[in-house]
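Step one of this worksheet: look at the structure below.
The values are calculated or read from the model by the stated rules, or taken from the named source; none is laboratory data. Model, not experiment: these values are computed from the prediction. As a convention, Cβ positions derive from the backbone with ideal geometry for all residues, glycine included, and neighbour counts pool all protein chains shown.
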Amino acid sequence: MAGLLQIAIKELGGFTPPALAKVMDFGCGKGNLVHALHRLGFDAYGCDIKNYWTEEDLPVSEKLKTIPLSPYRLPFDNNTFDVVVSTSVLEHAQNTEECFREIHRVLKPGGYAMHHYPGKWYLPYEPHIYVPLVNYFWPRCSKGWLRLWALFGVRNEYQQDQSWQTVVAENHKYCQEGLSYLSTRQYRELSLKVFGNCQWPMKFYIENASGGFARIFKGLPFRKLSGVLSRELRMGLLILHKSV
């Protein structure tokens, strides 16, 4: 992802060389992407709703901050960053409009937000709990559907030794509290409301991403159609621009 974002920041954002761009990773987890961007020459920072990192984990831990939740506010001043990025974060943000408004606030005029996320119609299954069509059904994910797949033995990496009852309970809670699958139309409406613009540069994404589906789509002749399929059925790249 660091390599893809490096190209995106240069070609889509116009920041060359990297030292010209101050970047924030929204939903940074342990800070691995912040560390990678830092090594590529960016002035990189990160934030998340919990402290997932320690000083021993990464040399950039001092650049990682926790997001206060009440009221929700990114822990940075207005007009701080040239670029805000996120990778597989939007599908967890149930306060999406609030997140977009805060990202808009911390971006400098002329700055960009770049979000890499799984689409509403992601196939073949929800990529965190591995249950088919959960993302289709969200926000209405019935326990009966979760129970069916738990009985069939579907588990993610952290559930291998758990009973089906425990898996159902955990997955149902996760669907209620940890997922947020918006459609392209919903993202477009929200983006226009907060930023006044949005774009999905999917041709760029397919040409530069390294994922399996992107490699498949590279070989297809209809690049525009391939981009739509990638955005809707696998991964999308949403770009938002804070006007000057």
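For the reader, a short list of remarks on this structure follows.
- Cβ-Cβ under 7 Å pairs, at least 6 apart or on other chains, the range 191-206 side in contact (Cβ under 8 Å) with a residue 24 or more places away in the chain and buried (at least 18 other Cβ atoms within 10 Å of the Cβ), far side part of a loop (DSSP other than H, G, I, E, B) and of a type in the set (D, E, K, R): 195/242
- A single entry from 195, 137, 152 fulfils the requirement of being modelled with pLDDT of 95 or more and touching a strand residue (DSSP E or B) at 6+ places or on another chain (Cβ under 7 Å): 195.
- Exactly one residue out of 182, 220, 238 is in contact (Cβ under 8 Å) with a residue 40 or more places away in the chain, in a loop (DSSP other than H, G, I, E, B), hydrophobic (A, V, I, L, M, F, W, C) and within 23 Å of residue 116 (Cα to Cα), and it is 182.
- Qualifying residue in the range 226-235 (condition: farther than 17 Å from residue 113 by Cβ, outside the structural domain of residue 48 (by TED's automatic domain parsing), crowded, with 19+ Cβ neighbours inside 10 Å and modelled with pLDDT of 90 or more): no
- Test set (1) outside any loop (DSSP other than H, G, I, E, B); (2) farther than 19 Å from residue 20 by Cβ; (3) of a type in the set (D, E, K, R) - residue 82 fails condition number: (2)
- Extreme residue, farthest from the chain's Cα centre (by Cα), among residues of the range 129-176 that are outside any loop (DSSP other than H, G, I, E, B) and under 20 Å from residue 234 (Cα atoms): 137
- Residue list for the range 52-89, filter: without any contact (Cβ under 8 Å) to a residue 24 or more places away in the chain, closer than 27 Å to residue 236 by Cα and of a type in the set (S, T, N, Q): 66
Each row is one residue, and each column tells you yes or no for (1) outside any strand (DSSP E or B); (2) among the basic types (Lys, Arg); (3) in contact with a helix residue (DSSP H, G or I) (Cβ under 7 Å, 6 or more places away or on another chain).
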site: 23; (1), (2), (3): no, no, yes
site: 34; (1), (2), (3): yes, no, yes
site: 38; (1), (2), (3): yes, no, no
site: 44; (1), (2), (3): no, no, yes
site: 50; (1), (2), (3): yes, yes, no
